[in-house]
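Below is one structure, written out as structure tokens; the observations come after it.
The values are calculated or read from the model by the stated rules, or taken from the named source; none is laboratory data. Given the structure is predicted, the values throughout are model-derived calculations rather than measurements. We place every Cβ from the backbone using ideal geometry, glycine too, and count neighbours over all the protein chains shown.
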Amino acid sequence: MVKLVGWLFIILSFGILYLWQPEFFQHAYGIIEHGDIVGLADYLRSFGSWSILVTILLFIVMTFTIVFPFMILSGAAGIMYGLFWGVIISWTGEVVGAVVMFVFARYFFRTLIEGWIKKSSYLKQVDDYSAKNGFKALLIARLLPLAPSGIITAVAAISRISFRDFFLATLIGKLPPVVIKVLLGHDLVFAGENMTRLIIIVVVVILVYIGLWWYRRSKKEK
């Protein structure tokens, strides 16, 4: 009964928020869908002193939608606030969004899959591993620049990782990818002025994924 009331409250809250400002969500998502970083920066800038709060709100909403890349919003933040504050605001938005989604998914979905876990020895081993090594596993996942943050958060929420380990791994692990996404989004817009840095960032991202592939391959061979 309590969870049913919780579901109704969440659905009602999102419904009221959308009905309150339908143009905002439709316009913002239209811009994000087309990958218009400059257009998104201009639109968010139009909110004046509320722009930071609106930007963080968009990060939270995008965490739940999963399908849109954070790089577009991070790049817009870098254009609006400068690289340093763009990173801070994007980092805050991603961490807050991940925490909100974790609490939501842990509360509503963890109990639903516990029965499946108890019936499967494999799932039980994975669940036990997440309880003991969740911080390390999540930290590695968070450090990947283009990893789907919402999916990672959802998987963590239905595991046995503690909230403390989740929060610390998210707080630490999200910073390097956020820096990359802000720089990448910003420099894609101003490629003519920052071509060297843009190339370096792309190379770094490629090397990260090559390193991960090599690490997994070497572990399989052992």
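Name the one entry in 168, 184, 212 that is touching a residue at least 40 places away in the same chain (Cβ under 8 Å), under 18 Å from the mean Cα position of the chain (by Cα) and surrounded by 13 or more Cβ atoms within 10 Å (Cβ to Cβ).
Values: 168 fails: touching a residue at least 40 places away in the same chain (Cβ under 8 Å); 212 fails: under 18 Å from the mean Cα position of the chain (by Cα).
Among 168, 184, 212, only 184 is touching a residue at least 40 places away in the same chain (Cβ under 8 Å), under 18 Å from the mean Cα position of the chain (by Cα) and surrounded by 13 or more Cβ atoms within 10 Å (Cβ to Cβ).
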Any idea how many residues of the range 131-144 are within 10 Å of the chain's Cα centre (by Cα) and either more than 20 Å from residue 103 (Cβ to Cβ) or surrounded by fewer than 19 Cβ atoms within 10 Å (Cβ to Cβ) (or both)? 0
From 67, 100, residue being surrounded by fewer than 17 Cβ atoms within 10 Å (Cβ to Cβ), under 17 Å from the mean Cα position of the chain (by Cα) and either modelled with pLDDT of 85 or more or among the polar types (S, T, N, Q) (or both): 100
Would you confirm whether or not the range 163-185 contains a residue that is in a loop (DSSP other than H, G, I, E, B) and within 15 Å of residue 79 (Cβ to Cβ)? no
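Would you check if residue 40 is exposed (fewer than 13 other Cβ atoms within 10 Å of the Cβ) and at pLDDT below 85? So that I can check it myself, show each step before the final result.
Numbers: exposed (fewer than 13 other Cβ atoms within 10 Å of the Cβ): no; at pLDDT below 85: yes.
When the stated conditions are applied, residue 40 does not pass them.
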